[in-house]
Amino acid sequence: MAVDCQTEDTIDYIKGLVMEGTEYHKVQNRRMRFNYMKYDKVAPAYINRPMYSDEKIYIDTTLVYVKPDRRKTYKIPYNVQIADFNHAYFDRSSTTGSCNAKNIFKFLDLGVAAAQMDLEEFRIDAESVYDTKNRDLKLNFELGKSELIADSVNQAVLHDLIKELKSYGDQLMEVSVSATASPDGSVEANKRLAAERTRVAANKVRSYLGKVDVAFHIAPPTVYTWDDVAKEKALDTLATEEEILQRMRTMRVTYRYEREHVMDEHEVRQAYYQRKHDLLRGKGKDFSDGDYFNLYNAIRDSAEQDTITMLAYKHITQHGGYEQVKFSMYVANRMAMLNQKQGKPNARVLEPFINKRLRAVTTKENSEKAQKNRREVLINQIITYFQLEERDSALSYCNYWFGHDDDPKVERLRRYITFKEGFIKYATHQLSPAEEKEVEDAMNYVISCAPDNKAVIYTEARDLLNVPEEVNRKLVAEMNDNNPKKWYLRGILEADKEEKMLEERNGKGYIPEYLCFFNHAFELEPAYKWLYFFDGQISDQLREKYKYRNKDKQRYREMFYDLVTVTPQTAAEEDDLMNISGEEE
């Protein structure tokens, strides 16, 4: 039967397979009053082909169920029985898959197919150390004089200006003051008047600022003409001539201030390591786009670059319109590949940079803004669809965008697709010799492109490939101790061993060894904790009987170091950040 994992409802029954020998079928027919097809409850599944005692029987138990909603997950409980007239030699009820997805490709290093971008193409130059602001102050001068009218409006405007300038403290670098005059009177007289007003205004600003260490400039004055008045009148027909003339008796203050010290690569690297703990928790001031660009250049450690990517992705998505920024595309592309590597693909990461109605593929940024449908973005989105088991989307978009493309990146993608699509049939011998050879070549290519891929495939697909346990253990043992995948895979193998003794373990407080290996993987890579609670590699029965609990972490650690000789690792700082559904405190 097909069971909806979200509701636990049985939504459909699938026709089974029943094969019987000739004599057995005759007896069954007599028992059913010679109407087996009417009265036997398994009759609808009966295959009308007799079995013979001397033949080897191969029964294809593959059952295909078309999911009514491809976004949901389903499980298939089933029963297999082999019996003669008197008793059942084999009788087993089990479940194909689990409501926890059994993804045998989640730990593959997809560097073979994933498409990286050249960081230099997305360079963000260091921002200017200084910002410049202009302020037009509508200060009222006495007509024909350089004296400000002594009214509350003038005082309020000046007060606000000085308050703003003082707020910059020692970041204020330069102040420039200029004044204008309306065309009343002669041109020469107005020039002298404008210059005098500028001097008076500048002295007032300087006196209010006090002993601030700032460069102070008096800019040349501006004198308006009657032509300027006529132009303003044409633009603002409701304004009186006197109102326009008053607008022309203004003072402009231009000032430059040091907004923030722009860190170079060395400085931002130092700041990252000093503030990493707070940044992971969203505390303190965030870095800028340019800082994250410099971090990618300054720090080459792959684990740290993954952390930088997570921080940078959080940073860019907090700003509206981020999908228009070129550097945002670079960060999102790295985030998509990181999700693939961690086994938690997310198609939404790259969607803002894709136009599914646009068939054209972009190979380079030719404008200031990010362009839709970059080749690398499309390739990584197709890989993500495959990891999400959205195969129809993956294949259709691959053909749509790359049908006749001979780019090496696309060719690597096709090899991965060949492996991914054909693996199950290859492992269950459902392919022709030519097809089997093609899939085998693709698998060997995937294995050869990353040192741990063989251990991943052989361990997670151990049942399909019939890989001996000792082979898997040897492959996993050869992996680097600092690689969290090693301990996660070791946990899977230990869980298999525990599964065989499930009914024998009843002691109170008993902790199976596999939990200590999973816990160590989580401490090396906290993101793997998400996988554990939704991974079909661990049976529902085992997961239910031996729950992973935060309160037992210290016991898990002690058990791990009793079993394995490795350099102790500090418990992940991110422990307090994890709040996983299904985890028990």
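The values are calculated or read from the model by the stated rules, or taken from the named source; none is laboratory data. Bear in mind the structure is a predicted one, so any value in this text is a computation, not a measurement. Cβ sites come from the backbone with ideal geometry, for glycine too, and all protein chains shown count toward neighbours. For accessibility, only protein heavy atoms count, side chains too; no ligands or nucleic acids. Shrake-Rupley method; radii C 1.70, N 1.55, O 1.52, S 1.80 Å.
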Segment 214-291 and segment 6-45 have their Cα centres apart by a whole-number Å value of 83
Heavy-atom accessible area per residue of the chain, all protein chains kept, 1.4 Å probe, expressed in Å², is 56
Interchain or sequence-distant (5+) residues whose placed amide H lies within less than 5 Å of the amide H of residue 373 are 354, 355
Answer check: segment 363-508, Cα atoms, Kirkwood Rh, Rg/Rh ratio of 1.08
Checking segment 143-209 for GluC sites (Glu not before Pro) in a loop per DSSP with at most 11 other beta-carbon atoms within 10 Å yields 147
Using the Cα gyration tensor of the chain, the equivalent ellipsoid's semi-axes, largest first and to the nearest Å, work out to 73, 29, 22
The set of residues whose placed amide H lies less than 5 Å from the amide H of residue 325, leaving out same-chain residues fewer than 5 positions away, is 370
HN-Hα couplings for segment 28-35 via Karplus (6.51, -1.76, 1.60; θ = phi - 60°), in whole Hz with x for Gly/Pro, come out as 4, 5, 5, 4, 8, 6, 6, 9
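Applying 1/(1 + (r/R0)^6) with R0 = 41 Å to the Cβ-Cβ distance of residue 400 and residue 530, what FRET efficiency is obtained, to the nearest 0.05?
Computed FRET efficiency for residue 400 and residue 530 comes out at 0.85.
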Computed over the chain: longest principal axis from alpha-carbon atoms vs helix 187-209 long axis, angle to nearest 10 degrees, is 60
Per its Cα gyration tensor (rounded if a/c is under 1.5, else prolate when a/b beats b/c, else oblate), segment 426-518 is best filed as oblate
Row for segment 182-281, column shape: gyration tensor on C-alpha, a ≥ b ≥ c, rounded if a/c < 1.5 i.e. under 1.5, prolate if a/b over b/c, else oblate; value prolate
Tilt, helix 433-448 to longest principal axis of the chain (alpha-carbon atoms), in degrees rounded to tens, equals 50
Along principal axes, largest first, the alpha-carbon spread of segment 294-385 in whole Å comes out as 37, 29, 23
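With a 1.4 Å probe and all protein chains left in place, how much of the accessible area of the chain comes from carbon and sulfur atoms, in whole percent?
C and S atoms contribute 49 percent here.
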Long-range amide H partners of residue 21, meaning residues 5 or more apart or on another chain whose placed amide H is closer than 5 Å, are 51
